[in-house]
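Below is one structure, written out as structure tokens; the observations come after it.
The values are calculated or read from the model by the stated rules, or taken from the named source; none is laboratory data. Because the structure is predicted, anything quoted here is derived from the model rather than measured. All Cβ positions, glycine included, derive from the backbone under ideal geometry; neighbour counts span all protein chains shown.
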Amino acid sequence: MTQRYTVESLRQLATALFAAAGMDGGKARAVAEVLVAGDMVGQRTHGMALCPQYLGEIEKGAMAARGEPAVVRDSGAVFVWDGNYLPGPWLVSQACAQAAGRVAEHGVVTAVIRRSHHIACLMALLGQATGRGLAIILASSDPAFGYIAPYGGKEPLFTPNPIAIGYPGTEAPVWIDVSTSITTVGMARQKAAAGASFAHPWLMDAEGHPSNDPRVIDPGAGGTLLPLGGREYGHKGFGLSLMVEMLTHGLGGFGRLDSEPRWGANVFLQLIDPAAFAGRDAFLRQMDFLAGRCHANVPIDPANPVRMPGEMAQRRMREAERSGIDVAPKVWEALAAAAAKYGVALPGPV
């Protein structure tokens, strides 16, 4: 039976597990906060469900639990790090904090991190910038794996290559988090585990035929996820995926040409200070007006008015703070097994 736990109890559990596994400094808490935020915004495949997987990566030596990124280049407004496969949520949080400290001087600060470990839910990271009144562009790709074919092909090459954008507003920030594929690997695996199919043919089998069977991307099956736009307009997702690879692999100087066969990520992070352009007040006037026009747009279904990206996620976060987070039985079983292994006490449900 699904049980509910307070946000802080889950943060403490994940922090204790990562610390017990050897994460040093503030890494354990930083990773825990991002994973719990993933559950809070509703991205359950990228929330506490990742905790046991990350612990397994630490145990194998595939995720570095200690150390610092190496500085490849730093010119003030631009910096490049080699992440040495340190925890991705911590690396991105560190880069965001460093960029935020420089953006008043430079207006725009861009960071690229190569050889990060997985960075979890991108939307869960956007508030670190929008909460400071800054706009953010965040993108990620894993150069070691492929699940999406280039448009017109049928062999897997790209990962879903998510792009996230956030910007502040007077009432609430806007948070956008999309993949360059129609669906994601996590969702396909979730469907496969449940014995369910997708409602639409968002995948392609090894012969190049559209499919709604999530198992076509199982190891050895040879299938792929379809790019954004599907068979008809997949050139759009293909183009966006190339953009992400340029930003993360090309600018980082490390990619599919020399990737290592391990779970990881390359990351592009850019912070933009509206004050450096036409001014913060002018920015808010324009973007607040646009949000108002969107909200006032006559809805197709009056019961479902237009909402801005991130509104539902922020509503879920507020509800989670009030009432806690539901943890699926299988996820809790894995967390309980990890807690027993590391001698960490489990919290009680709400």
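Restricting to segment 5-35, name every residue that is crowded, with 24+ Cβ neighbours inside 10 Å and part of a loop (DSSP other than H, G, I, E, B).
Matches in segment 5-35: M23 only.
Within segment 216-238, how many residues turn out to be within 13 Å of F158 (Cα to Cα) and without any contact (Cβ under 8 Å) to a residue 12 or more places away in the chain?
Total satisfying the criteria: 0.
Can you find a residue that is buried (at least 17 other Cβ atoms within 10 Å of the Cβ) and outside the structural domain of D177 (by TED's automatic domain parsing) anywhere in segment 336-343? Full working, then the answer.
Taking segment 336-343 first, the residues buried (at least 17 other Cβ atoms within 10 Å of the Cβ) are 338-339.
Checking which are outside the structural domain of D177 (by TED's automatic domain parsing) leaves us with 338-339.
Looking through segment 336-343, at least one residue is buried (at least 17 other Cβ atoms within 10 Å of the Cβ) and outside the structural domain of D177 (by TED's automatic domain parsing).
Quick check on A282: is it in the same structural domain as A139 (by TED's automatic domain parsing), surrounded by fewer than 13 Cβ atoms within 10 Å (Cβ to Cβ) and among the small types (G, A, S)?
So A282 passes the test.
Residues being surrounded by fewer than 22 Cβ atoms within 10 Å (Cβ to Cβ), closer than 23 Å to P87 by Cα and in contact with an Asp or Glu (Cβ under 9 Å, 6 or more places away or on another chain): count how many of those fall in segment 133-161.
Total satisfying the criteria: 2.
Report yes if some residue within segment 43-56 is of a type in the set (K, R), under 27 Å from L271 (Cα atoms) and touching a residue at least 12 places away in the same chain (Cβ under 8 Å); otherwise report no.
Kept after step one, since they are of a type in the set (K, R), are these residues of segment 43-56: 44.
Right, trim to under 27 Å from L271 (Cα atoms) and you get 44.
After this cut, where a residue has to be touching a residue at least 12 places away in the same chain (Cβ under 8 Å) as well, the list is 44.
Yes, segment 43-56 contains at least one residue that is of a type in the set (K, R), under 27 Å from L271 (Cα atoms) and touching a residue at least 12 places away in the same chain (Cβ under 8 Å).
Here is a yes/no grid of residues against (1) modelled with pLDDT of 95 or more; (2) in the same structural domain as A336 (by TED's automatic domain parsing); (3) of a type outside the set (A, V, I, L, M, F, W, C); (4) assigned to a helix (DSSP H, G or I):
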{"site": "A37", "(1), (2), (3), (4)": "yes, yes, no, yes"}
{"site": "I58", "(1), (2), (3), (4)": "yes, yes, no, yes"}
{"site": "F79", "(1), (2), (3), (4)": "yes, no, no, no"}
{"site": "A95", "(1), (2), (3), (4)": "yes, no, no, yes"}
{"site": "Q98", "(1), (2), (3), (4)": "yes, no, yes, yes"}
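What are the pairs with Cβ atoms under 8 angstrom where one residue, in segment 199-210, is assigned by TED's automatic domain parsing to the domain that holds P150 and the other, located anywhere, is at pLDDT 95 or above and assigned to a loop (DSSP other than H, G, I, E, B)? Sequence gap at least six, or different chains.
Pairs found: none.
Conditions tested, residue by residue: (1) more than 18 Å from the chain's Cα centre (by Cα); (2) not small (G, A, S).
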site	(1), (2)
S259	yes, no
V267	no, yes
D273	yes, yes
Q286	yes, yes
V298	yes, yes
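Being in a loop (DSSP other than H, G, I, E, B) and closer than 17 Å to G229 by Cα is the filter here, so list the residues in segment 122-156 that pass it.
Restricting attention to segment 122-156, the residues satisfying the condition of being in a loop (DSSP other than H, G, I, E, B) are 122, 131-134, 142-147, 149-156.
Once the filter is applied, which keeps residues that are in a loop (DSSP other than H, G, I, E, B) and closer than 17 Å to G229 by Cα, segment 122-156 yields Y147, A149, P150, Y151, G152, G153, K154, P156.
Please work out which one of (1) outside any loop (DSSP other than H, G, I, E, B); (2) surrounded by fewer than 22 Cβ atoms within 10 Å (Cβ to Cβ) is the condition G208 fails and give its number.
With respect to (1) outside any loop (DSSP other than H, G, I, E, B); (2) surrounded by fewer than 22 Cβ atoms within 10 Å (Cβ to Cβ), G208 is out only on (1).
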